[in-house]
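See structure below.
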Amino acid sequence: MSWVVVVHGVGRQLDTAETLLAEVEPALRGGVELALRRDPTLERLTDGDIVCAGYGDLYRQPGTRGEPYYRAEDVEPGFEAELLETWWQEAARLDPRVPGPGTASLDGMNSGAAARGAVGRLASRPLSVGRVRRALSALTRTRFFGAVSERLLISDLKQVRRYFTEPELRAAVRARAAELITSETRVVVGHSLGSVVAYEALCALRPGPPLTLITLGSPLGLGGLVFDRLQPAPQRDGTGVWPAPVKQWTNLADSSDVVALVRELAPRFGPEVLDLPVDNGSEAHSMRAYLTAVETGTAIAMGLSR
């Protein structure tokens, strides 16, 4: 029984809960220690207080040698193509050195408003293979995606698409997080797609001891592709359902994080969400960088003191 449950994002199919913990634990503890330097009255972590919900193995192909060698032709129309172009649009908006799509620009628009309006436009415009190649070429030359090969970038697209379109996989992934959330849990941390997994797992639980939800680099606010596909679905007034066990929700996003395109979640889920900016330097979407931020450490330490 642990106080903190961490849920990872895509691209971790070669990890287990144990190998993830070896990476996550020192980063998370480091962030909390930075917070304690500012406020020594905050709660401290002890041994065994952190667990990771590993689900990467659910994406592994049995009997194969790693990921297939995906090419531009393997990017499927619909969800995958739309998400790829959404990332491309945002990368070009953030970095003038990135060659943009040459279509309706998001420049000069609030990123949240842009994301809410862009997906509908993209859905009606299929991407050619040539355009997919341009998008992949542009993204893999950015500061954000530069360390990721085209093959792995396409794999990430497919993992996100599969989560939202394959019900059995989605349920299995959520179960990995839900089984770790007990009456002893005080804080649930979700990074990237893991924030969606954590949110949906918490929404499926009944009210209990108060929990703190911390989302890092979250795509939860991205209309159409993510927000409108959530389970449970958004309410009639357009706001997302509040997870019953959650008393506090802190959302952290780097201003250059392309995945966290809608960086403020309060407009989507209610003013109770505390949206905080962080600076992850050249590792805008890195889970390690988010966890070592003093803002994240403070949110975790405050959640421990429920």
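Each reported figure results from applying straightforward, stated rules to the coordinates on display, with no laboratory input. Keep in mind the model is a prediction, meaning the values are calculated, not measured. Note that each Cβ is placed from the backbone with ideal geometry, even for glycine, and that neighbours are counted across all protein chains shown.
So here's what we get for this one:
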{"quantity": "Shape call, the range 35-89: gyration tensor on alpha carbons, a/c limit 1.5", "calculated": "oblate"}
{"quantity": "Dipole axis of the chain (+1 Lys, Arg; -1 Asp, Glu on Cβ), positive-most option in S2, V196, F227", "calculated": "F227"}
{"quantity": "Rounded FRET efficiency, nearest 0.05, which uses the C-beta distance separating E168 from D74 and R0 of 25 Å", "calculated": "0.65"}
{"quantity": "Residue-averaged [θ]222 nm for the chain, counting only DSSP H segments that reach four residues, each worth -39500 (n - 2.57)", "calculated": "-12500 deg cm²/dmol"}
{"quantity": "Cα-based helix-to-principal-axis angle, 79-94 vs the chain, degrees rounded to 10", "calculated": "80"}
{"quantity": "Degrees separating the helix 111-123 axis from the principal Cα axis of the chain, which is the longest one", "calculated": "50"}
{"quantity": "Added length on full extension, which subtracts the Cα-Cα distance from 0.36 nm per residue, S183 to T16", "calculated": "57.7 nm"}
{"quantity": "Crossing angle, helix 193-203 versus the chain [Cα axis fit, 0-90 degrees, rounded to tens]", "calculated": "50"}
{"quantity": "Paramagnetic reach from T46 (point 7 Å along Cα→Cβ, amide N under 12 Å) across the range 1-34", "calculated": "3"}
{"quantity": "Cα-projected label distance for R38 with V129, points at 7 Å along beta-carbon direction, nm", "calculated": "5.1"}
{"quantity": "Correct option for mean projected area of the Cα convex hull in nm² [calculated from the coordinates] among (1) 15.4; (2) 18.1; (3) 19.1", "calculated": "(1)"}
{"quantity": "Residue-span extension gain [S255 to R97] - 0.36 nm each, minus C-alpha spacing", "calculated": "55.2 nm"}
